[in-house]
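> If you scroll down you'll find the structure; I have some questions about it.
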Amino acid sequence: MILCCGEALIDMIPEATQSGRDGFVSHCGGAVFNTAIALGRLGTRTGMLTGLSSDMFGRQLAEALGASRVDTRHVVTSDRPTTLAFVKLVDGHASYTFYDENSAGRMLMPDDMPPKLTDVSALYFGGISLACEPGADAYLAFAKRHASSRAVMLDPNIRAGFITDEERYRSRSDALISLADVVKVSDEDLNWINQTPMPLEEKARALLEHGPAFVIVTRGGEGASGFLKDGAQIDVPAQRVQIVDTVGAGDTFNAGVMAKLSERGQLTKEALSTLTPDIAFEALAFGANVAAITVSRAGANPPWGDEL
């Protein structure tokens, strides 16, 4: 089972009302939540480690996880509020304003994390859960405890405006990169991580020197590239579809990559250390296929396996 560790929140998506002004409709979301949902719908055994509220939004999130076949045994429930993300869409591209103070997800502590893991073969981390303390430190401690025996994938999905202490965030991010076997970053993420004026390819290869066996760089409509320690570079084009919005695109891409690696028996530390370009290409292409369906419809609505 792939255990997705991080935030589950409510995206408040603008929709036109009869008055002509936009209202907001609640949709389940969060980078890590979206990836867990996508994995479950693709038929890959997955679970989620997160903090959920007992409020109406928390119940909405829990029901959505169950409906998409995501194991919830590691969900921590409290009476703290649910994180809300108000979404602004401009030409289909999303920007976010978060309300996260004292939330059920943010306030997770190290003692809330499961001390032992059974039936978990891989861990996935990412999103704003890695920027917001104290939960971010709890996730790092959890990763340090279990990364030596399980494959780890990381997508920092950096929201620079959400980071209050850049030095602490960079230190935490560097530690997680060193623990990860697969690191996926957008071009914007990579330029934030490494602000040296150099080509993206060189920055990706520099990340490989910090621990990962496989670094993936996504470039929106220009596709994605994978980089392996043996020097191989794998390029996959984005699929051309009519874009409705890009909410959840990267999260669904990540799920596709992990689903294919798992299907091929490659989502282990040993297998990833000797990953071949052919299998890397399969994984990236499958991720692009899954993401293309998500961006062709409103909100983070990943496809089910039979839709492929």
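No value in this document is a laboratory result; all are computed from the given coordinates. This structure is a prediction, so every number in the text was calculated from the model and none was measured. Reconstructed Cβ throughout: ideal geometry from the backbone, glycine too, with neighbour counts over all protein chains shown.
> Would you calculate, for the chain, the mean residue ellipticity at 222 nm contributed by helices, counting each DSSP H stretch of 4 or more residues as -39,500 (n - 2.57) and dividing by all residues, to the nearest 500? Could the numbers behind the result be given before it?
On the way: 9 runs with 104 residues, N = 308.
That comes out to -10500 deg cm²/dmol.
> At 7 Å along Cα-to-Cβ for each site, give me the label-to-label distance between Asp119 and Leu89 in nm.
That separation, rounded to one decimal, is 3.7 nm.
> Under a straight-distance cross-link criterion of Cα-Cα below 19 Å, which aspartates and glutamates are reachable from Lys203, leaving out those fewer than 8 residues away in the same chain?
Asp155, Asp174, Asp181, Asp187, Glu188, Asp189, Glu222, Asp230, Asp235
> As a footprinting exposure proxy, order Arg80, Arg106 by other Cβ within 10 Å, with the fewest listed first.
On the way: Arg80 20, Arg106 24.
In order of increasing Cβ crowding within 10 Å: Arg80, Arg106.
> With each label point set 7 Å from Cα along the Cα-Cβ vector, what nm distance links Glu166 and Thr276?
4.4 nm
> Using only alpha carbon pairs under 8 Å that are at least six residues apart, calculate the relative contact order of the chain and give it in whole percent.
Working: 677 pairs, mean separation 52.3, N = 308.
Averaging sequence separation for qualifying contacts and normalising by length gives 17 percent for the chain.
> By the scheme Lys and Arg +1, Asp and Glu -1, what is the net charge of all other residues having a beta-carbon under 11 Å from that of Gly40? Don't skip to the end; give the middle numbers.
Working: positive: Arg41, Arg45, Arg69; negative: Asp71.
Every neighbour counted, the sum reads +2.
> Hey, another quick one. Provide the FRET efficiency to the nearest 0.05 for the Ser296-Ser178 pair, computing r from the beta carbons and using R0 = 35 Å. Please report the intermediate quantities before stating the final value.
Values: r = 37 Å, r/R0 = 1.05.
Approximately 0.45, to the nearest 0.05.
> Using Cβ counts within 10 Å as a stand-in for footprinting exposure, how do Met12, Met109 rank, fewest first? Before the final figure, lay out the partial values.
Details: Met12 19, Met109 13.
Neighbour counts put them in this order, fewest first: Met109, Met12.
> Thr268 to Phe24: FRET efficiency via 1/(1 + (r/R0)^6), r the Cβ-Cβ distance, R0 51 Å, to the nearest 0.05?
Approximately 0.75, to the nearest 0.05.
> Another question about this same structure. On a straight-distance basis, which lysines could pair with Lys88 in a cross-link, Cα separation under 26 angstrom, same-chain partners fewer than 8 positions away excluded?
Lys184
> Rank Gln239, Leu65, Ala160 by how far each Cα sits towards the positive end of the charge dipole of segment 2-307 (+1 on Lys, Arg Cβ; -1 on Asp, Glu Cβ) and give me just the farthest.
Leu65
> Let me check I've understood the local charge: for Asp155, count other residues with C-beta under 9 angstrom from its C-beta, Lys and Arg +1, Asp and Glu -1. What total comes out?
Details: positive: Lys184; negative: Asp189, Asp251.
It works out to a net charge of -1.
> When we measure straight from the Cα of Lys116, which lysines land under 20 angstrom away, once same-chain ones fewer than 8 places off are left out?
Straight-line reach from Lys116, under 20 Å: Lys144, Lys269.
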